[in-house]
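Notes follow once the structure below has been shown.
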Amino acid sequence: MITLHHLNNSRSQRVLWLLEELGLEYELVAYQRDAVSNLAPPELKKVHPLGKSPVIEDNGLLVAESATIVEYLARKYGDGSLTPEQNINSQDYLNYLHWMHFAEGSGMLPLLLKLYVSRLGDAGQPLWPRIDSELSNHFAYMSDSLGDHDWFVANRFSAADIQLSFVIEAGAMRGPVADHPNLVQYKERFRARPAYQRALERGGPYKFAET
Ligand SMILES: N[C@@H](CCC(=O)N[C@@H](CS)C(=O)NCC(=O)O)C(=O)O
């Protein structure tokens, strides 16, 4: 049995969505962010030393870091339905790897900088031109890469779309998604998937779905 350690309003929502896409049975252990600090409760540190979500357990295996979890679940249980063939000489496979890593490795950074620097008030002023230009740079890149396709890799829905979904949703809330009609449509497209809707019902309120 798979156990998902799920924090409300977090990157864990995409793992919940993936579990629903794959039609897997799972147990959800829910954790609530602190109302003031917005941080995870200390119990998550008992699951994994970083004390962050998502984390899953599956038959004695502990898997942390969303891209690792998404890759693990999609490869182990997806029977190729959500992952391209693992061929290191294939551009589709390299694009898949790119977007899986881009989400946390590149896409989230300017969004997180915006979140944290906005708390500095006037002291953060010198950083804004760079943060704004990097936000524009990364979201324009995603928009240009998607173009008029429905999905990011070979125009076929894949685990990379699930991994990217949090960047798009956080970017709709705090970034320039609204400047790119194709990213707005992409967001509506993935939210329309029945499994996404089931994940919302299972996980409870998810503020990133409100934009
Ligand atoms: N890169 C990690 C980030 C994990 C992460 O920062 N999770 C956030 C939720 S979106 C968290 O647990 N924050 C609570 C805290 O830091 O106390 C991943 O994608 O899994």
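All of the numbers you see were taken from the coordinates with simple rules; none came from a lab. Predicted, not measured: the structure shown is a model, and the values here were computed from it. Here the Cβ positions follow ideal geometry from the backbone for every residue, glycine too, while neighbour counts run over all protein chains shown.
Quick notes on this structure:
- Restricting attention to the chain, close to 55% of DSSP beta bridges with both partner residues there are antiparallel.
- Gyration tensor verdict on the stretch 101-211 (Cα atoms; rounded if a/c is under 1.5, prolate if a/b is larger than b/c, oblate otherwise): oblate
- DSSP-loop chymotrypsin sites (Phe, Trp or Tyr not before Pro) across the stretch 67-128, with at most 15 other Cβ within 10 angstrom: none
- With Cα atoms defining each centre, the stretch 135-185 and the stretch 46-108 are spaced 18 Å apart in the structure.
- Net charge of the neighbourhood of Ala103, taken over other residues with C-beta under 15 Å away and scored Lys/Arg +1, Asp/Glu -1, is -2.
- Backbone N within the stretch 149-177 under 17 Å of label point (7 Å from Gln185 Cα along the Cβ vector): 149-157, 177
- The local environment of Tyr31, defined by Cβ-Cβ distances under 15 Å, has a net charge of +2 under the rule Lys, Arg +1 and Asp, Glu -1.
- Seen through its C-alpha gyration tensor, with square-root eigenvalues sorted a ≥ b ≥ c, the chain comes out oblate because a/c lies at 1.5 or above while a/b is not bigger than b/c.
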